[in-house]
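Participant: Let me begin by handing over the structure; questions about it come next.
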Amino acid sequence: MTEPLLSIDRVSHEFGARRALLPGRRGHLAVDDVSLTIGAGESLALVGESGSGKTTLGRVVAKLLTPTGGTVQVDGRDVGGLRGRELLAYRRTVQMIFQNTQHAFNPRRKIRDILADPYEIHRLPAPDGRDAALGELMERVGLRASMLDRYPHQFSGGQRQRIGVARALSLGPRLIVADEPVSALDVSVQAQVLNLFSRLRRELGLSLLFISHDLRAVYFLCERIAVLYQGRLVEVAPRERLLEHPLHPYSRRLIAAVPGLGGRDSAEVSTADAPAAAPAAGGPATAAGCHYAATCPLHVQLGRPDRCLTERPALRATAGGSAVACHFAGDESPAPVPSVVTEEVR
Ligand SMILES: Nc1ncnc2c1ncn2[C@@H]1O[C@H](COP(=O)(O)OP(=O)(O)OP(=O)(O)O)[C@@H](O)[C@H]1O
Ligand SMILES: [Mg+2]
């Protein structure tokens, strides 16, 4: 197997980690021991409820935050120790796109100058003359070269997001981390910007870490989906597999919440026949147990096994191509695993 472009290996990020060393203080573990890879040209989605650590992990990958544990590697090289020129080269390789385009650009500067910034910062001459390169960038994202002399407020939200994409593309990145890039846009415009991402991936062979709440957008754009819950990776699987046969009870809940999206196994585990709820022996799940146990229907259905409260579930590979962090997921439905059709990475 070829080496992945990006390897996230047991990465954690605790906000306030230093303060937490003081007596009586606690940090906030936003990302908790997450391992993931992204292949060259591959598109991976990060999904999960608000506060689950998606942005934090994205920022760690883009090296806007330093992880408090674990390593991030690109082409097999740990990016933690990069300095100077090597760090600049990393910043060219990995670019981040954010949700809010309203305040992303200095309102007093023309788009021409905004798009020229990356070349200045990296002290790179634009190929074939700067103007030609900037015009080409604009056209690549579906805008016109003649718009370079406009100011940010003279663009619509969708057009501004295209400019954000152009700026990210200017130095030839190999991986884009896109954090909710279409959530702030009108629904009709969202589809256009998603199409742009899809086209750029095809044309440029880009890898994408796509952070989104929108499972439909994720399904359209990504080959694999990783589900985070309270900072932990609970499931990662090829998209069809995850949407049609989610294993983790939390993934099931997430997918069941989008009508018409999930397959036969996306319904939540029924709790109708479960034994009456008894107070959990160990109280709420501790760091040692499963974070989801407190609200997990499968935990109830199985008679509240202690293991969920005392032992953190490791991510385990399943025969169907998913990896799931649950001691019991899959055990309640012995149905044969359907074959998975995964799309070729384009
Ligand atoms: N700078 C910070 N200082 C302290 N805690 C933070 C900071 N940034 C984020 N957090 C906390 O870390 C957790 C993860 O936040 P993060 O922004 O990564 O979540 P998210 O999954 O991107 O959520 P959303 O879907 O709402 O964007 C949250 O509990 C959040 O409150
Ligand atoms: Mg976020």
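The values are calculated or read from the model by the stated rules, or taken from the named source; none is laboratory data. All of these numbers come straight from a predicted model, not from anything done at the bench. Ideal geometry is used to build each Cβ from the backbone, glycine not excepted, and the neighbour counts take in all protein chains shown.
Participant: Please enumerate the residues belonging to segment 45-91 that are of a type in the set (A, V, I, L, M, F, W, C) and away from ligand 2 (no atom under 16 Å from the Cβ).
Facilitator: Residues satisfying the conditions are VAL72, VAL74, VAL79, LEU82, LEU87, LEU88, ALA89.
Participant: For segment 194-209, does any single residue satisfy the condition of being within 16 Å of ligand 1 (Cβ to nearest atom) and either under 12 Å from the mean Cα position of the chain (by Cα) or crowded, with 20+ Cβ neighbours inside 10 Å (or both)?
Facilitator: There is at least one residue in segment 194-209 that is within 16 Å of ligand 1 (Cβ to nearest atom) and either under 12 Å from the mean Cα position of the chain (by Cα) or crowded, with 20+ Cβ neighbours inside 10 Å (or both).
Participant: Among the residues of segment 38-92, write down those that are within 16 Å of ligand 1 (Cβ to nearest atom), over 21 Å from LEU204 (Cβ atoms), assigned to a helix (DSSP H, G or I) and aliphatic (A, V, I, L, M).
Facilitator: Answer for segment 38-92, where residues must be within 16 Å of ligand 1 (Cβ to nearest atom), over 21 Å from LEU204 (Cβ atoms), assigned to a helix (DSSP H, G or I) and aliphatic (A, V, I, L, M): LEU57, VAL60.
Participant: From the list LEU228, LEU242, LEU247, LEU233, which residue is among the aliphatic types (A, V, I, L, M), part of a loop (DSSP other than H, G, I, E, B) and buried (at least 22 other Cβ atoms within 10 Å of the Cβ)?
Facilitator: So the residue among LEU228, LEU242, LEU247, LEU233 that is among the aliphatic types (A, V, I, L, M), part of a loop (DSSP other than H, G, I, E, B) and buried (at least 22 other Cβ atoms within 10 Å of the Cβ) is LEU247.
Participant: Now, a different point. Can you tell me which residue within segment 1-36, out of those that are of a type in the set (Val, Ile, Thr) and away from ligand 1 (no atom under 12 Å from the Cβ), is farthest from the chain's Cα centre (by Cα)?
Facilitator: If we take residues in segment 1-36 being of a type in the set (Val, Ile, Thr) and away from ligand 1 (no atom under 12 Å from the Cβ), then THR2 is farthest from the chain's Cα centre (by Cα).
Participant: What do you reckon, is ARG77 among the basic types (Lys, Arg) and on the phi > 0 side of the Ramachandran plot?
Facilitator: Here the answer is no, as ARG77 does not meet what is asked.
Participant: Same structure again: Does segment 124-137 contain at least one residue that is closer than 27 Å to GLU42 by Cα, crowded, with 19+ Cβ neighbours inside 10 Å, at pLDDT below 95 and not acidic (Asp, Glu)?
Facilitator: Checked against the condition, which is being closer than 27 Å to GLU42 by Cα, crowded, with 19+ Cβ neighbours inside 10 Å, at pLDDT below 95 and not acidic (Asp, Glu), segment 124-137 yields at least one hit.
Participant: Can you name the residue in segment 154-181 that is assigned to a loop (DSSP other than H, G, I, E, B) and within 16 Å of ligand 1 (Cβ to nearest atom) and, of all such residues, is surrounded by the most Cβ atoms within 10 Å (Cβ to Cβ)?
Facilitator: Going through the qualifying residues, I end up with PRO181.
Participant: Continuing with the same structure: Within the bounds of segment 166-186, is there any residue that is on the phi > 0 side of the Ramachandran plot, in contact with a Ser or Thr (Cβ under 9 Å, 6 or more places away or on another chain) and among the acidic types (Asp, Glu)?
Facilitator: Yes, segment 166-186 contains at least one residue that is on the phi > 0 side of the Ramachandran plot, in contact with a Ser or Thr (Cβ under 9 Å, 6 or more places away or on another chain) and among the acidic types (Asp, Glu).
Participant: Another question, if that's okay. Looking at TYR229, is it within 16 Å of ligand 2 (Cβ to nearest atom) and modelled with pLDDT of 95 or more?
Facilitator: Yes; evaluated as a whole, the condition is true for this residue.
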